[in-house]
Every structure is written in C-alpha cells, then in structure tokens.
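**Student:** Before anything else, here's the structure in question.
Throughout, read-outs are computed from the coordinates displayed, never taken from laboratory work. Treat the numbers as computed from the prediction; the structure is a model and nothing was measured. Glycine gets a Cβ as well: all are built from the backbone with ideal geometry, and neighbour counts include every protein chain shown.
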Amino acid sequence: MEGSHAPFPLGPDGRLEAEPLTNAVGNHAVLVREGEQPRALVTVESGSPERGRVIIVPLDNDVEMRVDGDALAIWLSQGSIGPAPSNVPRWANAIGFALVIAAVGFVLLGSVTFFGWLFRTLGWL
C-alpha cells in the first residue's frame, strides 16, 4: 500500500492521524492510526452503479464501530499491498517446468520399480 498524501490529524488533540492509501489496482482507502498503531480502515465497496457502500473496518479493540470484518480482506485482495510484482523471465519458467516434469518422472519411475518388486515378491507377476 502506498500513501498518496501526507497524513492529517484527527480528533480534538490530533493524536490520531488519517493516512490516504492506494493499493496496486488504484482502489483508495483511509487508514486511521495512532502513532504507528493502526486503528481503523475506511474504504468503499462498489455496490450499485449510482452509489458505493462505505466500509469501516476496526483494527483494534478500542474502536467502537463494528462493521463488516471481511472488508479489509476484500480491499487487500483487490490489489497487492507491496510493490507490483515483476514479470518472471521465460527462462525461469522453463527451468521450473523442467524440474516439475523431472520430479514427476522420478515419481513414476520409483512407483513402477517399487510395485514391480512388490508384485514379484508376492508372486503376482
């Protein structure tokens, strides 16, 4: 998550701050924190075309409002919370594919060897 603007103070004494956030796909939210401790997340879920649904997610026990606990997971699942992932080079994909195929081959070879031995030992072959 990236902070797009500087945090601004909330409340009468200014101990709480609201920090605007944007995730990797451009969805926006506001994180309310006290120092480094996150307190609540405010975001919008698109409901109808005319109006979005405001979601407030409490992040600690001292937040009075208790609303949709899955909203944080939904908002985070719509985009990465870290930097955008880089593309994996084709050579790395090819090496990974070859290793998986080799592992499957060894599993099949080991299975044939074991069951061949087992069936010969039991006299079924």
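**Student:** Can you pull out the trypsin sites (Lys or Arg not before Pro) in segment 35-64 whose DSSP state is coil and whose Cβ has at most 13 other Cβ atoms within 10 Å? Write out the running numbers ahead of the final one.
**Tutor:** Numbers: sites: ARG39, ARG51, ARG53; in loops: ARG51.
Listed in order of number, the matching sites are ARG51.
**Student:** I would also like to ask the following. State the extension gain, in nm to one decimal, for the chain segment bounded by ASN61 and ARG15, taking 0.36 nm per residue of separation less the distance between their alpha-carbons. Write out the running numbers ahead of the final one.
**Tutor:** On the way: separation 46, 0.36 × 46 = 16.56 nm, distance 1.73 nm.
Length gained between ASN61 and ARG15: 14.8 nm.
**Student:** Name the shape class, rounded, prolate or oblate, that the alpha-carbon gyration tensor gives for segment 2-43, where a ≥ b ≥ c are the square roots of its eigenvalues, rounded holds for a/c under 1.5, and otherwise prolate holds if a/b is larger than b/c and oblate otherwise.
**Tutor:** prolate
**Student:** While we're here: Return the distance in nm (one decimal) between the two label points of a simple spin-label model at ASN93 and ARG120, each offset 7 Å from Cα along Cα→Cβ.
**Tutor:** Each label point lies 7 Å from its Cα, and together they span 4.3 nm.
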